[in-house]
1. Considering only segment 131-158, how many residues are over 29 Å from residue 99 (Cα atoms) and polar (S, T, N, Q)?
2. What residue, of 95, 154, 125, is under 18 Å from residue 58 (Cα atoms), touching a helix residue (DSSP H, G or I) at 6+ places or on another chain (Cβ under 9 Å) and among the aromatic types (Phe, Trp, Tyr)?
3. Without any contact (Cβ under 8 Å) to a residue 60 or more places away in the chain, within 16 Å of the chain's Cα centre (by Cα) and over 19 Å from residue 233 (Cβ atoms), is that true of residue 87?
4. All but one of (1) of a type in the set (Asp, Glu); (2) touching a residue at least 60 places away in the same chain (Cβ under 8 Å); (3) more than 26 Å from residue 11 (Cα to Cα) hold for residue 169, so report the exception by its number.
5. Of the conditions (1) modelled with pLDDT of 95 or more; (2) surrounded by fewer than 17 Cβ atoms within 10 Å (Cβ to Cβ), residue 273 clears all except one; give me its number.
6. Every residue in segment 48-70 that is outside any loop (DSSP other than H, G, I, E, B) and within 25 Å of residue 218 (Cα to Cα), please.
7. Is there any pair linking a residue in segment 8-19 that is surrounded by fewer than 24 Cβ atoms within 10 Å (Cβ to Cβ) to one that is among the hydroxyl-bearing types (Ser, Thr, Tyr), with Cβ under 6 Å and at least six apart or on different chains, and which?
8. Hand me the list of strands (runs of 3 or more DSSP E) wholly inside segment 97-174 holding 1 or more residues that are surrounded by 17 or more Cβ atoms within 10 Å (Cβ to Cβ) and within 14 Å of the chain's Cα centre (by Cα).
Amino acid sequence: MGEQVECYQRVAAVQMASGPRVDANLQEIARLIAMAAEQGANLVVLPENATLMGMRETDKLAYREHHGQGPLQDFFAGEAARHGVWLVAGTIPLFGGDPERAQQTCLLYNDRGEQMARYDKVHLFDVDVEGDTRYQESRTLAPGEQVVVVDTPFGRLGLSICYDLRFPELYRIMADQGVELIVVPSAFTARTGEAHWRPLLRARAIENLSYVVAAAQGGYHVNGRETHGDSMIVDPWGQVLDHLGRGSGVVVSDLDLERLRKVRERFPALQHRRFHCHSDTRNA
């Protein structure tokens, strides 16, 4: 009788309320990564804007880095290697083709601190929220153009960011590329999060028969903004495995890839699709 292969992997979603001081945010990120690692996490996901929630949207432009070099990227590589974890490093601003804007970039590091994938946020949050302020991310951010799904020890991992969550066609393209685990670093507003956050996360998990790990900003910020929080891990059947309402902390759960694959075999909804998304994007 052959040796049984263990298909469990422990993942963690970090929740925090970042402020305008990068050094203070990095200290809190380091503390929370260590907390997740102490709880046995092999993959840690940080929220959007983890390193900076500025007083003005333009503040992020001063912290842009070139891809592959810079103090923020060095910090994340060091934390991943120090704790021996794979790290989805929330978002950082990178230089792109527009000198007046940044790319809102999510980087994936392996447990040796090597950068394994880059995803630039595709959908930008340009909306008026009733009773809230107007958001225009496109003033300071340039949209990305590629869907990114990459092989990891946690299965086929798809990268997305916050507002992307509202666009199911993005995740259907991921499904065509074999995605098994979707990560969603986010900073949902309190108002939109209360109405839509949990239903959208559960829907993305259910319709794609995938795990979803959503790391959120959660609380009041120095710049006056309030974010929803409720970081969570959702299984392919739409069950919330762990969540944290507000405040700093981590949510942790085991992924069972063997169960995921059995669910897909017994409930082959992805194979029953009659219409398919077409995209010229490429996977990692």
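The values are calculated or read from the model by the stated rules, or taken from the named source; none is laboratory data. From a predicted model like this one, the values you see are computed outputs, not experimental measurements. All Cβ positions, glycine included, derive from the backbone under ideal geometry; neighbour counts span all protein chains shown.
1. So the count comes out to 1.
2. 125
3. On the way: without any contact (Cβ under 8 Å) to a residue 60 or more places away in the chain: yes; within 16 Å of the chain's Cα centre (by Cα): yes; over 19 Å from residue 233 (Cβ atoms): no.
So residue 87 does not fit the description; no.
4. Of the numbered conditions (1) of a type in the set (Asp, Glu); (2) touching a residue at least 60 places away in the same chain (Cβ under 8 Å); (3) more than 26 Å from residue 11 (Cα to Cα), the odd one out for residue 169 is (3).
5. Unmet condition: (1).
6. 57, 58, 59, 60, 61, 62, 63 - these are the residues of segment 48-70 that are outside any loop (DSSP other than H, G, I, E, B) and within 25 Å of residue 218 (Cα to Cα).
7. Every condition considered, no pair remains.
8. Result: 102-109, 115-120, 149-152, 155-159.
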